[in-house]
Amino acid sequence: MSTTPGPLHAAHPGGWSRLQRWAPGLATLLGYQRDWLGRDISAGLVLTAILVPVGMGYAQAAGLPAIHGLYATMIPLLAYAVFGPSRIMVLGPDSTLAAVIAALILPLAAGSIERAVALAGMLALLSGACSLVIGFARLGLVADLLSKPIRIGFMNAIALTVIVGQLPKAFGFAADAADLPGRVAALAQGIASGHSNPAALAISCASLGLILLLRRHRPQWPGILLAVVLATALSAWWGLAHTAGVSVVGSLPQGLPGFHFPRVALQDIWHLLPGAIIISMLSFADTSVLSRSLTQRGGNRVSQDQEMIALGVANLASGLFQGFSISSSASRTPVAESAGAKTQLTGLVGAAAIALLLLFAPNLLQNLPGAVLAAVVIAACLSFTDVAGMWALLRLRRTEFALSVISFLGVAFVGVIEGIFITIALALLVLIWNAWHPHFAVLARVDGAKGYHDVARHPEGRRIPGLVLFRWDAQLFFANAEIFREEVLRAIAVAPTPVQRVVVAADAITDVDITAAEVLTRLHQDLAQRGIELWFAGLKGPVRDRLHHYGTLQVVGNDIFAPTVGRAVNQYRQTYRVAWKDWDEV
């Protein structure tokens with residue numbers, strides 16, 4: 001990302017380059033332009049109105065006190081302002097991660113709030129460390145294991161799990177359960193037992209309706225802010241906490257979060273580590289997509305590895321200051337962008353505003369009903385559900401639809417972490433199966449079309465007498481080499497004329513391992529005994545060099561290669577004197 005050079009650049013160009021590499025946000029701030037200031041400040045204040053209720057709501061969704069959502073909002077904004085490469089990216093608590101955090105820490109916390117806070121902090125440290133490892137080692141491709149079908153199923157399951165978990169708060173009572181069936185049972189039992197609070201339910205329904213209506217018809221209006229302000233004002237005016245028994249946030253602890261290393265047992269760390277890996281992968285996938293989108297609109301080049309490093313540092317900072325794991329926000333970042341944000345100073349303004357709230361006005365939100373925070377979280381979950389995406393998968397490719405359904409069912413009914421690992425394992429098995437049984441074809445000439453085409457798709461195609469053109473659309477390795485050999489022999493057996501030569505169209509063969517090379521040698525020898533030659537067309541130079549290194553070419557020969565299928569056909573015709581008229585008669 002380009003920044004305006006400052007005095008440091010003139011005096012120490014090498015130092016400025018290193019600063020841009022390792023602390024691009026700080027480099028931007030050092031080259032700050034004065035005419036950006038007004039927009040950054042106004043955008044930061046607008047953003048704060050969203051950051052506060054959303055952060056508090058996601059903290060409660062993660063099973064933590066609301067104040068820790070503000071800590072997890074404020075501290076990462078400061079860290080990203082220094083290390084983040086994207087000028088207007090907003091980091092903070094995330095509804096997706098909230099469900100993962102709750103699933104990991106609540107069973108271990110056993111009802112202790114202090115222990116839940118410590119576990120959440122350690123989870124943030126572990127996920128931050130994983131993000132740093134991925135960023136420094138440039139392993140961002142690991143996030144590709146979370147394919148689109150897996151992520152659609154995962155996100156829908158997370159949305160359903162979180163929504164069901166928030167419904168008791170919307171109804172005005174508390175219910176604790178770790179999994180979706182337990183949450184459904186607790187919700188039904190609470191409603192059947194008459195624990196619902198009509199005032200809380202009315203507030204949550206009205207707030208949710210207002211947020212959704214404004215999102216649909218007036219997206220430029222701050223629906224969340226309006227819902228929070230109106231509900232808080234009504235709660236304070238009528239004293240709903242006392243007159244109607246509505247649960248409210250209460251006074252927040254005054255002051256800024258202090259440095260606190262979360263102390264948990266080594267056994268807890270081992271329980272949290274798989275979840276930390278999943279969180280880092282989910283965070284990177286979301287951040288990468290959002291960062292690319294901002295890059296396309298803003299024209300600034302952003303390093304994805306640096307995004308991962310900044311995300312890791314932000315999570316470490318959150319964990320050390322009583323926060324929890326965070327990610328980029330696809331909902332709050334557009335708010336900052338539409339408000340005119342120019343640089344990371346917008347995030348600093350938001351963090352400063354939250355700090356002022358905690359220092360001088362911790363009682364400002366004491367009458368905020370918890371039902372409103374439940375509505376905020378439910379609205380967020382509804383925004384990322386993708387039922388239409390699952391139906392599209394069913395229409396387009398049923399294998400990937402099945403993966404999405406398995407991801408959904410695994411996350412919803414087995415567990416967030418278990419479901420993700422099960423689905424990734426299944427996706428890898430599908431990948432292995434496809435490599436094990438790749439596509440192949442016997443080729444023929446088709447009138448009116450250039451090149452050679454699959455006879456299964458073009459049965460009218462004309463075959464060359466005595467020649468089998470066999471195309472293999474994958475690399476050759478130990479798992480599929482015998483299948484390759486069997487299919488070549490089958491193509492020879494069903495050829496319409498006695499076969500004199502087999503040409504393997506090898507453009508798609510990107511590698512041949514030792515096992516496959518041995519199978520090629522055996523195939524060559526078997527065909528030679530039957531008077532049939534084995535040739536290759538379009539085999540890439542590196543693959544041919546590898547066969548030479550294996551010693552395979554010493555057996556099969558060095559003169560069995562043609563640059564293209566067309567050249568291979570011409571060489572065959574010249575060798576065996578096959579005239580075009582002979583071909584036309586077939």
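The values are calculated or read from the model by the stated rules, or taken from the named source; none is laboratory data. Everything numeric here is computed off the predicted structure, so don't read it as measured data. We place every Cβ from the backbone using ideal geometry, glycine too, and count neighbours over all the protein chains shown. Quick note on the areas: whole protein, heavy atoms, side chains included, nothing else; ligands and nucleic acids left out. Shrake-Rupley method; radii C 1.70, N 1.55, O 1.52, S 1.80 Å.
Tell me, which longest segment in the chain has none of the trypsin sites (Lys or Arg not before Pro) that fall in DSSP loops with at most 13 further Cβ atoms within 10 Å?
1-137
Would you mind getting the accessible area per residue of segment 227-274, heavy atoms of the protein chains only, 1.4 Å probe, in Å²?
Computed with neighbouring chains in place, this is 65 Å² per residue.
Hey, what angle do you get for helix 113-136 against the long axis of the chain, alpha-carbon based, 0 to 90 degrees rounded to 10?
For 113-136 against the chain, the angle is about 40 degrees.
How tilted is helix 37-61 with respect to the longest principal axis of the chain? Cα atoms for both, answer in degrees (0 to 90, nearest 10).
With both axes taken from Cα atoms, the answer is about 90 degrees.
Mind checking the per residue accessible area of segment 71-143 for me, 1.4 Å probe, whole number of Å²?
29 Å²
Return one whole number: the accessible area per residue of segment 441-489 in Å², for a 1.4 Å probe.
Ligands and nucleic acids excluded, the figure is 46 Å² per residue.
Ignoring ligands, DNA and RNA, what percent of the 1.4 Å accessible area of segment 102-142 is carbon and sulfur? List each step's numbers first, then the result.
Values: 1230 of 1700 Å².
That fraction is 72 percent.
Of the DSSP beta bridges with both residues in the chain, give the percent that are antiparallel, rounding to the nearest 5.
On the way: 11 of 25 bridges.
Approximately 45 percent, going by the DSSP bridge assignments.
When the accessible area of segment 218-259 is computed with all protein chains present and a 1.4 Å probe, what percentage of it is carbon and sulfur?
The value for segment 218-259 is 67 percent carbon and sulfur by accessible area.
Quick check: net charge around residue 64, other residues with Cβ under 15 Å of its Cβ, Lys/Arg +1 and Asp/Glu -1? It would help to have the intermediate numbers written out before the result.
Values: positive: 115, 169; negative: 94, 114, 176.
So the surrounding residues net to -1.
Could you please state how large a percent of the accessible area of segment 390-486 is carbon and sulfur, counting protein chains only and using a 1.4 Å probe?
Carbon and sulfur atoms account for 65 percent of the accessible area of segment 390-486.
So between residue 392 and residue 234, what do we pick up on full extension, going 0.36 nm a residue minus the alpha carbon distance?
52.5 nm
Please identify the longest segment of the chain free of exposed chymotrypsin sites (Phe, Trp or Tyr not before Pro), where exposed means a DSSP state other than H, G, I, E or B and no more than 13 other Cβ atoms within 10 Å.
1-258
With contacts defined as alpha carbon pairs under 8 Å and 6 or more residues apart, what's the relative contact order of the chain in percent?
21 percent
Could you state the number of Å between the C-alpha centres of segment 315-368 and segment 509-535?
Cα centroid of segment 509-535 versus Cα centroid of segment 315-368: 64 Å apart.
Modelling each spin label as a point 7 Å along the Cα-to-Cβ direction, I'd like the residue 570/residue 364 distance in nm, to one decimal.
7.9 nm
Equivalent ellipsoid semi-axes for segment 341-458, as square roots of 5 times the alpha carbon gyration tensor eigenvalues: give them largest first, rounded to whole Å.
In descending order, the three semi-axes are 53, 22, 15 Å.
Suppose R0 equals 35 Å; then what is the FRET efficiency for residue 458 and residue 549 from their Cβ-Cβ distance, rounded to the nearest 0.05?
On the way: r = 38 Å, r/R0 = 1.08.
Efficiency, rounded to the nearest 0.05: 0.40.
Starting from one equal scatterer on each C-alpha and no solvent at all, send me the Debye-based log10 I(q)/I(0) for segment 235-293 at q = 0.29 Å⁻¹, two decimals.
Debye intensities relative to I(0), on a log10 scale: -1.10.
In the chain, if every C-alpha pair distance is counted and binned at 10 Å from zero, what percent goes to each bin?
3, 15, 21, 18, 13, 11, 10, 6, 2, 0, 0
Which FRET efficiency, nearest 0.05, do residue 478 and residue 426 yield, Cβ-Cβ r, R0 25 Å? List each step's numbers first, then the result.
Details: r = 22 Å, r/R0 = 0.88.
With R0 = 25 Å, the Cβ-Cβ based efficiency is 0.70.
So who's got an amide H within less than 5 Å of the one on residue 247, skipping anything under 5 residues away but keeping other chains? H placed 1.01 Å off N, in plane.
The answer is 370.
Output needed for segment 342-406: three equivalent-ellipsoid semi-axes, defined as square roots of 5 times the C-alpha gyration tensor eigenvalues, in descending order, whole Å. Don't skip to the end; give the middle numbers.
Values: eigenvalues 344, 68, 13 Å².
The three semi-axes for segment 342-406 are 41, 18, 8 Å.
Give me the tail of P(r) for segment 210-332 as a percent: Cα-Cα pairs with distance above 25 Å.
55 percent
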